[in-house]
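Structure record follows, encoded as structure tokens.
The values are calculated or read from the model by the stated rules, or taken from the named source; none is laboratory data. Only a predicted model underlies this, so the values are computations on that prediction, with no experimental measurement involved. Cβ placement follows ideal geometry from the backbone for every residue including glycine, while neighbour counts extend to all protein chains displayed. Please note that ligands, DNA and RNA were not included when accessible areas were found on the heavy atoms of the full protein model with its side chains. Shrake-Rupley method; radii C 1.70, N 1.55, O 1.52, S 1.80 Å.
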Amino acid sequence: MRIISRLLGFGLLSILVLLVMSCESTKPTTSEFGSPNRVRGAVLAKPESRQIVHFTDSTAEYTTSRSELATAFIREFGDGTVIDKIQVRKAPVDAGGPVTYYLIGMGLRSGSFRAMALPLTSGGDDTYYLRPGAERYILSSVGCPACYFNFDNGRIVGAICSENAPGSHCDLKVEVNNSLFTAR
């Protein structure tokens, strides 16, 4: 009986040692100075691209809801612009040129027209994504009821005012990246 209890105790002790060893392997590693190897400050890896739309034979199915997109655009503007229209539009291209789609949010700020366009990246299966590094094209109107993006072979190159009234114009500003869906 005594031998059985010793063997049972030894077996339980072995299991306990194995459990402790497996838990120890999940501890963070340390450098030779004893501090954890953690990255401090800005995160090195950019957030993943966000799926926006999937095109079927007859429609565009938004995989991110339009209300979520409008909220993200309002936050991205950050200046009181209220976005009330979201669309994905194909940019005009020369024959045989690569197809480019833009996610566009339109609205008003203090009664003036505002819009922002962001190029989408193809996932290869009629699904389009927004990259965090995608540039932002921002339109602001001065006296124009609406502004339109001016394209050249699929790229936004300027802005056009919907009316030719004296003193009215549209300003285009290009930013090198976006934070539409990054945590703030």
- Query: ³J(HN,Hα) across segment 57-74 via Karplus (A = 6.51, B = -1.76, C = 1.60, θ = phi - 60°), whole Hz, x for Gly/Pro?
  - Reply: 4, 10, 9, 9, 9, 6, 8, 10, 4, 5, 5, 5, 5, 4, 4, 5, 5, 4
- Given 10 °C, 1.306 mPa s and a Kirkwood radius over Cα pairs, the Stokes-Einstein diffusion coefficient of segment 112-184 in µm²/s is 117
- Name the residues whose placed amide hydrogens come within less than 5 Å of the amide hydrogen of residue 158, ignoring near sequence neighbours (fewer than 5 apart) on the same chain. 150
- Query: By the gyration tensor of its Cα atoms, with a ≥ b ≥ c the square roots of the eigenvalues, what is the shape of segment 48-175: rounded for a/c under 1.5, prolate for a/b over b/c, or oblate?
  - Reply: oblate
- Task: Please list, in chain and number order, the residues 5+ apart from residue 81 or on another chain whose amide H is under 5 Å from its amide H, with Hs placed from the backbone.
- Result: none
- Item | Karplus-derived HN-Hα couplings along segment 86-102 (A = 6.51, B = -1.76, C = 1.60, θ = phi - 60°), whole Hz, x at Gly and Pro | 10, 8, 10, 10, 7, 7, x, 10, 5, 3, x, x, x, 6, 10, 10, 10
- For segment 48-175, report the accessible area per residue in Å² (1.4 Å probe, heavy atoms, rounded to an integer). 53
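Near residue 87, within a Cβ-to-Cβ distance under 15 Å, what is the net charge of the other residues, with Lys and Arg +1 and Asp and Glu -1?
On the way: positive: 66, 85, 89, 90, 114; negative: 61, 68, 84.
Charge balance near residue 87 sits at +2.
Among residues other than residue 137 whose Cβ falls under 15 Å from its Cβ, what is the net charge (Lys/Arg +1, Asp/Glu -1)?
Residues close to residue 137 contribute a combined charge of +1.
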- Task: Using a 1.4 Å probe over the heavy atoms of the protein chains, calculate the carbon and sulfur portion of the accessible area of segment 48-175 as a whole percent.
- Result: 46
- Once phi for every residue in segment 121-137 is put through the Karplus expression 6.51 cos²θ - 1.76 cosθ + 1.60 (θ = phi - 60°), the whole-Hz ³J(HN,Hα) values, with Gly and Pro written as x, are 10, 6, x, x, 10, 6, 10, 10, 10, 9, 8, x, x, 5, 5, 10, 10
- Note on the structure: Residues whose modelled amide H sits under 5 Å from the amide H of residue 63, counting only those 5 or more places away in sequence or on another chain, are 53, 54
- Cβ charges +1 (Lys, Arg) and -1 (Asp, Glu), total dipole of segment 48-175, debye: 280
